[in-house]
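Only the coordinates and a few stated rules stand behind these numbers; no lab work does. The structure displayed is predicted, hence computed values, not measured ones. Here the Cβ is made from the backbone with ideal geometry for all residues, glycine too, and neighbour counts use every protein chain on show.
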Amino acid sequence: MGRGGLTEAPLLAVRGLRVWFPSRPRPIRAVDGVSFDLARGETLGLVGESGCGKSTTARALVGLVPATDGSALLDGKEVLHLDEASLRRVRRRVQMVFQDPYASLNPRMTVGNIVGEPLLIHGLATGKELLLRTVELMLQVGLDPRFLNRYPHEFSGGQRQRIGIARALALGPEVLLLDEPVSALDVSIQAQVLNLLAELKAERNLAYLFIAHDLSVVRHLCERVAVMYLGRIVETGPSEQVFSDPRHPYTKALLSAVPVPDPAVEATRERILLLGDPPSPDRESVGCAFAGRCPIAIERCRVEDPAPEEHEGRMVACWQP
Amino acid sequence: MLAGDTVLDLGDLHVDFDTDDGVVRAVRGVSYSIKRGQTIGVVGESGSGKSVTHLALLDLLPETATISADVMRLAGRSMLNMSAKERRSVRGNEIAMIFQDPMTALNPFLTVGTQIAEMFRLHHGLRGQRLVDATIQALADVGIPRPERRIEDYPHEFSGGMRQRVMIAMMLAGNPELLIADEPTTALDVTVQAQILDLLAGLQRDRGMSIVLITHDLGVVAGFAHRTLVMYAGRVVEEAETSALFWNPQHPYTRGLLSSIPRLDRGSQKLRQIVGAPPDLSALPQGCPFAPRCDFVEDRCREQEPLLAPRGDGHTAACVVTLPKWEGAV
Ligand SMILES: Nc1ncnc2c1ncn2[C@@H]1O[C@H](COP(=O)(O)OP(=O)(O)OP(=O)(O)O)[C@@H](O)[C@H]1O
Ligand SMILES: Nc1ncnc2c1ncn2[C@@H]1O[C@H](COP(=O)(O)OP(=O)(O)OP(=O)(O)O)[C@@H](O)[C@H]1O
Ligand SMILES: [Mg+2]
Ligand SMILES: [Mg+2]
């Protein structure tokens, strides 16, 4: 699905999103001009190294951190820079699921209360109706409703992540922002949650912003992928294209570093070893942020920051794509 | 095989923990050996005993742990009948271990240089300029740029990947025969992970060291380990040459693992999943601990726990069921 092929307006259109955190001597530019579209029913993967701004991007979209600049239109309506009442209305449509299923659930609430709470808060159901809808949500994510009165610590990691997902689904959102929903899970449990996400999406036509550092997981689940480096998106496009023929040198290095669980593939694969570590996010932006580690950087890269440009169906921010 | 060829020989290792909820049987009869210059990968579910097995080798377990073994030989010497002091000295010289989070193993109040130098003083009695030179060289060997300046820095001034390099430099100072790396790259980004694995592979080539690499990432094992052990509920359930393990897995848990991971070189398809969760080690069911989650379970699996049995070519697996031919992951 190319960008040009979309006739419908995107469900969520993010433009020039900036989130800067105050810090001395210079602010931390956690998100520094991020733009992307998310269509109804689409899954967009957001990948990149630790600290590049993935979580902050998602948190800004649900008002958990204030956006410094930029806009995000949900069906044409602004969702950034809102007051508390308007934020609540947005939250019915955009929900976030967090990485750590151990830390993100209130340990003193029963599973039933955790899952049903959003319905109660938004005044959408009480009493018997609330109970019924809670049971329904639990069934949808494959949790046994008999566990309604148990507490989070009585569940395994995968089950806890299901609880988090059931809660996020309570208000019938159209967009789920999934922040590393399987990273804390064991490999054998990870597959259970990934399959559940794929099923829910098909049933409810949900759009996902799927944040992950595991590129294999992203390739598995996402139709499109956006690669972030130091607060910017450096490459976006259909997963198949980006994974089989990456254009940005950072995407290339990132993909080449992912180990493949097949000794035959591993024995013959070429690795691009990057030198050094990612620079600190409080840097002043002069030139391309990746230039210092880039194996093909030229003089221009150090003085002029490349803007994203269209290249064969995807956007790439590089002077030599 | 020459006796001197085997760096580590472990037979029937058991580790129990005394806890308020009863006895946790964390390691239940682990046996394996490593040859000089070999890399062994250890994979398995979280809580399956990968770390505890190796912490036991280094006497790094708390007092609540009860350790027993039939064989525990390091570089040809049995460690079972040694005094605690003898054991410490053998261990200090022959085995070194690095961990997932190097920050917990480094002293935040001492410079990186001081901490590496201490190892050279301890192991080789170096002093003065020779000590400084050795320290700088050690940092250079693990790929830290401008080492002569970086020795003055404190650990917090280093990135995660650089701290792991510092840990590796410290461990190499003793010229160990065996390096145990417990999830050394789990906390690191993939591009930094690739740098560290590349470093370890290079060091192994140059020094003929043996490495035990504990990881949950089958991809890392595929590219790095000669042999691989798969652990489940405190036991080794399969061991083989790495390529044989991937091409012809003989334990249903190994098969489940291989089919449940998405692969970067493949598009999307539904993942096979292992249902359920691993067992409680303080209340293990009778029979095979994987039986409740197993696709191939038979009645006899619930009666007796299967032992590791040979499958030819040094491949062993702990499963009594005749499995269908493996058609590859998915
Ligand atoms: N509340 C905050 N105050 C100051 N700095 C912050 C804050 N939240 C995040 N940051 C910084 O912003 C940058 C981006 O952080 P973010 O959590 O978005 O990264 P990420 O891509 O999600 O990383 P990870 O993969 O490790 O989760 C980091 O440098 C982080 O330290
Ligand atoms: N000090 C302790 N007291 C009681 N139980 C312990 C102790 N240390 C470890 N265990 C238990 O022993 C079992 C094996 O733990 P171990 O740390 O070896 O697992 P692992 O395979 O390394 O897992 P992971 O992949 O999560 O690191 C676990 O069930 C753990 O809870
Ligand atoms: Mg994050
Ligand atoms: Mg461990």
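Structure values in brief
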{"quantity": "Residue of A:16, A:157, A:123 that the Gaussian network model of chain A assigns the largest fluctuation, springs spanning Cα pairs under 10 Å", "calculated": "A:123"}
{"quantity": "Listed residues A:214, A:83, A:32, most fluctuating in chain A (Gaussian network, C-alpha, under 10 Å)", "calculated": "A:83"}
{"quantity": "Relative contact order [Cα under 8 Å, 6+ residues apart], chain B, whole percent", "calculated": "20"}
{"quantity": "Test item: B:46-54 mean partner chain Cβ contacts at 10 Å", "calculated": "1"}
{"quantity": "Cα pair distances of the range A:110-251 binned at 10 Å [whole percent]", "calculated": "11, 37, 31, 15, 6, 0"}
{"quantity": "Neighbouring partner chain Cβ atoms per residue of A:262-272, average, 10 Å criterion", "calculated": "5"}
{"quantity": "Mean shadow area of chain A, taken as a quarter of the surface of its Cα convex hull (nm²)", "calculated": "17.9"}
{"quantity": "Selected from A:80, A:251, A:265, residue furthest toward positive end of dipole (chain A; charges at beta carbon)", "calculated": "A:80"}
{"quantity": "Cleavage-rule hits (trypsin sites (Lys or Arg not before Pro)) in the range B:279-318: DSSP loop, at most 12 neighbouring Cβ within 10 angstrom", "calculated": "none"}
{"quantity": "Lys/Arg +1, Asp/Glu -1 at C-beta; the range A:156-202 dipole; positive extreme among A:185, A:165, A:175", "calculated": "A:165"}
{"quantity": "Top of A:14, A:260, A:303 by mean-square fluctuation, Gaussian network on chain A, Cα under 10 Å", "calculated": "A:260"}
{"quantity": "Percent breakdown of C-alpha pair distances by 10 Å bin, ordered from the shortest bin, for the range A:1-147", "calculated": "9, 30, 32, 22, 6, 0"}
{"quantity": "Mean-position separation - Cα centroids, the range B:251-289 and the range A:65-128, in angstrom", "calculated": "33"}
{"quantity": "Mean separation of Cα contacts under 8 Å, 6 or more apart, over the residue count of the range B:113-159: relative contact order %", "calculated": "38"}
{"quantity": "Kirkwood Rh (inverse of mean 1/r, distinct Cα pairs), the range B:162-256, angstrom", "calculated": "14.4"}
{"quantity": "Relative contact order [Cα under 8 Å, 6+ residues apart], chain A, whole percent", "calculated": "20"}
{"quantity": "Three-way shape label, the range B:1-56, alpha-carbon gyration tensor, a/c 1.5", "calculated": "prolate"}
{"quantity": "Computed Rg/Rh of the range B:185-330, alpha carbon atoms with Kirkwood Rh", "calculated": "0.99"}
{"quantity": "Packing-based ranking, highest mean first, of A:58-67, B:69-78, A:125-134, B:157-166 given that Cβ atoms within 10 Å are counted", "calculated": "B:157-166, A:58-67, B:69-78, A:125-134"}
{"quantity": "On Cα atoms only, tilt of B:128-141 relative to the major axis of chain B in degrees", "calculated": "40"}
{"quantity": "Order by protection proxy (mean Cβ within 10 Å, highest first), peptides A:92-99, B:234-241, A:292-299", "calculated": "B:234-241, A:92-99, A:292-299"}
{"quantity": "Cα extents of chain B along the three principal axes, largest first (Å)", "calculated": "69, 52, 45"}
{"quantity": "The range A:207-258-the range B:126-180 distance, computed between alpha-carbon centres (Å)", "calculated": "34"}
{"quantity": "Stokes-Einstein translational diffusion, the protein assembly as shown - Kirkwood Rh over all Cα pairs, 1.567 mPa s, 4 °C, in µm²/s", "calculated": "48"}
{"quantity": "Dipole magnitude (debye, nearest 20) for the protein assembly as shown, charges at Cβ of Lys, Arg, Asp, Glu", "calculated": "560"}
{"quantity": "Cα-based Lys proximity count in the protein assembly as shown, under 23 Å, for pairs eight or more positions apart or on separate chains", "calculated": "6"}
{"quantity": "Inter-centroid distance (Cα atoms) of the range B:41-104 relative to the range A:266-321, Å", "calculated": "43"}
{"quantity": "Volume of the Cα convex hull of the range B:231-314, divided per residue and given in Å³", "calculated": "113"}
{"quantity": "Calculated on alpha-carbon atoms, Rg and Dmax of the range A:278-321 in Å", "calculated": "11.0, 33"}
{"quantity": "HN-Hα J in Hz across the range B:290-295 - Karplus 6.51, -1.76, 1.60, θ = phi - 60°, x for Gly and Pro", "calculated": "8, 3, x, 10, 8, 6"}
{"quantity": "Whole-Hz couplings from phi, Karplus 6.51/-1.76/1.60, listed for the range B:272-284; x for Gly and Pro", "calculated": "5, 10, 8, 6, x, 9, x, x, 7, 6, 9, 8, 5"}
{"quantity": "Compactness of the range B:31-133 as Cα Rg over 2.2 N^0.38 Å, two decimals", "calculated": "1.28"}
{"quantity": "Cβ crowding within 10 Å averaged over residues, with A:189-198, B:21-30, A:304-313 ranked highest first", "calculated": "A:189-198, B:21-30, A:304-313"}
{"quantity": "Peptide-level mean, for A:48-61, of C-beta atoms on other protein chains within 10 Å", "calculated": "1"}
{"quantity": "Rounded to whole Å, sorted largest first: equivalent-ellipsoid semi-axes of the range A:207-321, Cα gyration tensor", "calculated": "24, 18, 14"}
{"quantity": "Net charge dipole size for the range A:60-128 [Lys, Arg +1 and Asp, Glu -1 on Cβ; Debye, nearest 20]", "calculated": "360"}
